[in-house]
Each structure stands twice: as C-alpha cells, then as structure tokens.
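S.K.: One structure, pasted below without further comment.
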Amino acid sequence: MRLLITGGGTGGHVYPALSVLEAWTPAPDLLWVGTKGGMEAALVERAGIPYRGIPAGGLRDMGLVTRLRNSVKLTRGFGEAWTIVREFRPDVVFATGGYVTFPVGMAAWLQRIPVAIYLPDITPGLAVRSLAPLAKRIAVTTPGSARWFGPKAVVTGYPVRQTLAQPRSRARARASFNIPADAKVLLVTGGSSGSHNLNEAVGSHIAEYLSFAHVIHVHGKVDKEWLNQQRAALPEETRERYHLYEYLHETMTDALMGADLVVARAGASVLGEFTAAALPAILVPLPIVGVNQHANAQWLEDYGGAVTLADEEAMTGLLPLARSILKDEARLERMREAMRAAALPDAANRIAEMLQGLAPQRVLSHEADKSYE
C-alpha cells in the first residue's frame, strides 16, 4: 500500500501520524508532503520518512497583503501537490491538519484518490473544515467532535507513541533526569515551538518553584539564553533541581511519566499524551482567535483532569496554583484518575485500520498474497 501523509505547522499535526505508523505492520510505502521550510520537516525526516515541501499559508485573520501573498502560495502549492500526487500515485492520502493539507487533499480528490482526515483537536480549524467535504472518512479524538462531520466521522481517540501506550514506572522515568523517586516533579512545556509567556512566568520565579518541586522545563526555540542565565544564578544545590531543555524527543515520554503535574499550552497533543500518562495539568490556552486550544482545555477540565488558567494570569497566578495542586495529594490523585478515564487506548491501531479500509481492494489483496510468500 502506498500512503501519502500531509500535515504540518505544529507537532500536534505530526506526532499522531508517526504514532499511527508505529502501529502499522508491515509499513506502507510512504511520502510526507508538508510546508516548504516548515518545522515538521525535521521531525518527519528524523523518523526516516521521505519529505516534500510545498508553498502554503493561511488566509484567516490576516492583513490584506498577507492574504494575497498566501493566496499565491496556495495556488503554487496546489500545482506542486498535483504533480507530487500524480508521480507518487498513493492509494490513500492521510491529512492531519495545517494549511498544507488543503492543496494536497484537493489534488488527491481531483485524481480520485481516497482522502482521510484526522482531527486531533476538539474543534476543526479552517483547513480541516475546508477539506472535510472531500474526505471519505474523518477520524476524531472525542465523541463530541463527531458532530462536525456526520456519518463520515469515526471516533478513534488520539494516537500516542507506543512508549506511552505501554508506560514505564515513575521511578525509572525520573532516573532519566537524575530525579529522586520521592520528589515532586513539575513539567513545563510550551509545545514544539515553545512559549515565551510560559517561559517567563516560570523563569522569573524559578527559585520559588524549586522550593517545592524539581522542574523539567522544555522551553523550545525561545528564551534559551535568558533561562540559562536564570539557572546559572541559582545556588548550586538548587540549580540541580532545574532541568532545562530546548527540546526532548524520546525522553519526552520519561518527562510525561515522571511528572506529578504539567504546565502547558493546550494544543491537540494534550488530549492524547496527558491522558495516556494520567498526568494532571494546568493548561494555559494560546490566546489567538481561530486557534482551538480553549476547547481542548475545557474538555479536559470538564473531565476533572486539568485546570485552565488564562494567558494574562500566568505571570501572577501560575506559581500559587502549581504550589497548591502539588501540595494536595488527594487532589492530584483525583486528577490522575480523571485523566486516565479520558484516555481512549488503541487509537493508533484504529486509525491504521481505517486507512487500510480505504485502500482499493486490489492493493489489500496483493499485500495479503505477499504475506504468504
């Protein structure tokens, strides 16, 4: 089977597809089409998947000049996507979100190739809503998201990497960071791009955070120099409690499994990774119109596994909130159980089966014959 994947812009549009591929045996022939110069290129190529970049850009909530420029990009992107689809000849196209998905999905639909979408967020963005009428199936993370798509929707849950689906012990996870098994651990992450506001809210008061917890702080590509200066200014015995990283790849699983509480934005990955790890959360949704993070945070808060904090309150409100939750073990346990209840396991296998079901029957028959060779 030949599978073309398209998606990009954030890690939340990349990691779910990588998790699906982890669960897919034997692996299909693959090509990933993302945005030219997009952050997804490094993640996809790191996974050993061939990558092609095309021009793409957004049209919503932007100035006239930017919209005109991005319209040209999308037109050029469609032309390049048409050529890529025609040359690769996929049996199915799998779209995971981001502006790049629309020209690729349109090119596939016009060439009569089945298109499937995965919606990681609770509510769909413009690209997914635009592409949905052309899709055969749309996998969604939660039952409530199915209302957007009617009979096309398939509730699968959020696919997570196998190391999260088969978690290790908390003590072993903490050993990766040289953190004692009995310590309190706060994980802070701004997502694949980092968050200046979260970095500032934590970094400005880091000595106070370290008075009650070890802090694993994944800061992204922003604020690296300043945060390292904040760490260097700490007393040596305190400095060892501050674990500062630009990015975590495989060891991010250990960070999730080893933490007692996470502070994060509310991108789509929180719906899968935090629930799989049964990790209580303080979520600070990105305050941008058209971004779906508030709905993600609200869903987890309604379950009881998360507390939502407004972005403008993070500088003054985050420290006392994190302290109060970490010092209340009964509350932490209730939040852990709520996160565990919100998880939908086996999502990766469900999506893989959905994609295989869309492939032409001749492809599936041929692969079945090969398995007996």
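S.K.: Calculate the length of the line joining the C-alpha centroid of the stretch 233-252 to that of the stretch 1-25, in whole Å.
M.R.: Each part's Cα centre sits 30 Å from the other's.
S.K.: Here's something else I'd like to know. What is the Å³ per residue value for the convex hull set by the Cα atoms of the stretch 189-348?
M.R.: It comes to 110 Å³ per residue, whole-number rounded.
S.K.: Would you please classify the overall shape of the chain from the alpha carbon gyration tensor, given that a ≥ b ≥ c denote the square roots of the eigenvalues, rounded means a/c under 1.5, and beyond that prolate means a/b larger than b/c while oblate covers the rest?
M.R.: Prolate shape, in that a/c is at least 1.5 and a/b is the bigger ratio.
S.K.: Decide, for the stretch 150-254, between rounded, prolate and oblate: order the square roots of the alpha carbon gyration tensor eigenvalues as a ≥ b ≥ c, take rounded if a/c falls under 1.5, and otherwise choose prolate if a/b is larger than b/c, else oblate.
M.R.: oblate
S.K.: Now, a different point. Between R89 and E45, with labels modelled 7 Å along Cα→Cβ, what's the label distance in nm to one decimal, could you check?
M.R.: According to this spin-label approximation, the distance is 2.8 nm.
S.K.: Which value, in Å² and to the nearest 10, is the accessible area of W299 when all protein chains are kept and the probe is 1.4 Å?
M.R.: In the full protein context, W299 sits at about 60 Å².
S.K.: Here's something else I'd like to know. Give a residue-ordered list of calculated ³J(HN,Hα) values for the stretch 110-123 (Karplus: 6.51 cos²θ - 1.76 cosθ + 1.60, θ = phi - 60°; whole Hz; x for Gly, Pro).
M.R.: Once θ is set to phi - 60°, the couplings for the stretch 110-123 become 5, 9, 6, 9, x, 10, 10, 10, 10, 9, x, 7, 5, 10 Hz.
S.K.: Let me cross-check K327: its accessible surface, 1.4 Å probe, with only protein heavy atoms counted, in Å² to the nearest 10?
M.R.: 150 Å²
S.K.: Let me ask you something else. In this model, which of K136/K221; K36/K224; K152/K221; K136/K224 are farther than 32 Å apart at the alpha-carbon?
M.R.: Table pairs above 32 Å Cα-Cα are K136/K221; K152/K221; K136/K224.
S.K.: Considering the zone a paramagnetic label at D346 would reach in this model (a point 7 Å from Cα along the Cα-to-Cβ line), which residues of the stretch 115-158 have amide N under 13 Å from it?
M.R.: 156-157
S.K.: So, one more: Could you tell me the relative contact order of the chain? Use alpha-carbon pairs under 8 Å, at least six residues apart, and round to a whole percent.
M.R.: Relative contact order for the chain comes out at 17 percent.
S.K.: Summarise the accessible area of the stretch 170-277 (1.4 Å probe, protein heavy atoms) by the percent that is carbon and sulfur.
M.R.: The value for the stretch 170-277 is 46 percent carbon and sulfur by accessible area.
S.K.: Calculated FRET efficiency, E246 and D328, Cβ-Cβ r, R0 45 Å, to nearest 0.05?
M.R.: That pair, E246 with D328, gives E of 0.90.
S.K.: In addition: In square angstrom, what is the accessible area per residue of the chain with a 1.4 angstrom probe?
M.R.: Spelled out: the 1.4 Å probe surface of the chain, per residue, equals 44 Å².
S.K.: Could you state how much accessible area E236 has, in square angstrom rounded to the nearest 10, with a 1.4 Å probe and all protein chains kept in place?
M.R.: 120 Å²
S.K.: Still on this structure, I have one more. Place a point 7 Å from Cα of R172 in the direction of its Cβ. Which residues in the stretch 226-264 have their backbone N less than 20 Å from it?
M.R.: Of the residues in the stretch 226-264, 249-260 have backbone N under 20 Å from the label point off R172.
S.K.: R0 = 30 Å: FRET efficiency of L126 with A181, Cβ-based, nearest 0.05?
M.R.: Efficiency at R0 = 30 Å is approximately 0.05.
S.K.: Using all C-alpha to C-alpha distances in the stretch 92-156, build P(r) with 5 Å bins and read off the rounded percent in each one.
M.R.: P(r) over the stretch 92-156, rounded to whole percents: 4, 22, 34, 24, 12, 4, 0.
S.K.: Relative to the Cα centre, what is the charge dipole magnitude of the chain, using +1 at the beta carbon of each Lys and Arg, -1 at the beta carbon of each Asp and Glu, and rounding to the nearest 20 debye?
M.R.: Its charge dipole is roughly 1100 debye.
S.K.: Using alpha carbon centroids, what distance separates the stretch 321-335 and the stretch 140-191, in Å?
M.R.: Answer, in whole Å: 19.
S.K.: Computed FRET efficiency, Cβ-Cβ of S193 and A310, R0 25 Å: what is it to the nearest 0.05?
M.R.: After rounding, the FRET efficiency stands at 0.80.
The values are calculated or read from the model by the stated rules, or taken from the named source; none is laboratory data. This is a predicted model, so every value here is computed, not measured. Note: ideal-geometry Cβ built from the backbone for every residue, glycine included; neighbour counts use all protein chains shown. Ligands, DNA and RNA are excluded from the accessible area calculation, which covers all protein heavy atoms including side chains. Shrake-Rupley method; radii C 1.70, N 1.55, O 1.52, S 1.80 Å.
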